Every structure is written in C-alpha cells, then in structure tokens.
Amino acid sequence: LINGVSIQEAKKYLEQAVALRPNDPAILDSYGWLWYKLGDYSKALGVLQRAYAKNQDAEIAYHLGEVLWSLGRKDDARQIWSRLIQQHKSDPRVKGIIEQIGDRLSP
C-alpha cells in the first residue's frame, strides 16, 4: 500500500495521468517512483530522467538518486544528490532528504 492505495490501483491511476499529461514532471516523478517500488529500476530510471529533465525539483532529484543508487551507479547518485543540496538549500524538504540519504553522500 502507498498512502492507503494498493500498488496496482496506484499504477492504474498513474498510467491514466501519464496518458493525459505525459510531460508533467510531478506525474512522471510519481510514476517513476511507482516503478522503483515495483523493483523495475530500469523503467523507473527512464521515467525519472524525463521528470528531472523537465524540473530539477528536490523530490525528483532524490528519487532519481535512489534509483541510480539501486542500479549500482553510486557516483551518479551522489552527483545528483550533491546538486540537489546545492540548488535547494532553502527548501525545507532538503533536511529530510539528507537524513534519508545518510552517509551515502560520502564515497
């Protein structure tokens, strides 16, 4: 369950949303994160890269970094996260993201 919604139900809704608004970075972020949760990191990567290209939002950057990390691309993940921290210093979400990332920022 994600926020009380089953994964399959979320997938159905997100597929409809992507069909209606295929270039919306927030929708793409959610759709990519769904694929990450389903364990399809390659699919998640493609979707999250599209979202990130449209909007380098802190949450999208965090999600993209997590997928890169899961694919073993740790240097790429660190690069995305470092850029996130530099670009979004004043974003209140950054502190929580840094806590999530933990010591993975250091090589």
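A few remarks follow.
- Which labelled figure in [x] 101; [y] 92; [z] 82 is volume of the Cα convex hull per residue in Å³, once derived from the coordinates: [x]
- Taking all protein chains together and rolling a 1.4 Å probe, I60 ends up with roughly 10 Å² accessible.
- Mean accessible surface per residue for the chain, computed with a 1.4 Å probe while every protein chain stays in place, in Å²: 58
- Across K54/K89; K37/K74; K43/K95; K11/K54; K12/K43, pairs whose alpha-carbon gap is larger than 26 Å: K43/K95
- The magnitude of the dipole of the chain, with charges of +1 and -1 set on the Cβ of Lys/Arg and Asp/Glu and taken from the Cα centre, is near 120 debye.
- The separation of the range 4-42 from the range 52-107, counted between C-alpha centres, amounts to 20 Å.
- Accessible area of the chain belonging to carbon and sulfur atoms, whole % at 1.4 Å probe: 48
- Placing a label point 7 Å from the Cα of D91 along the Cα-to-Cβ line, the residues of the range 25-50 whose backbone N sits under 16 Å from it are 25-33, 48-50.
The values are calculated or read from the model by the stated rules, or taken from the named source; none is laboratory data. These figures come from a predicted structure and were not determined experimentally. Heads up, the Cβs are rebuilt from the backbone with ideal geometry, glycines too, and the neighbour counts pull from every protein chain shown. The accessibility values were calculated without ligands, DNA or RNA, using every heavy atom of the protein model including side chains. Shrake-Rupley method; radii C 1.70, N 1.55, O 1.52, S 1.80 Å.
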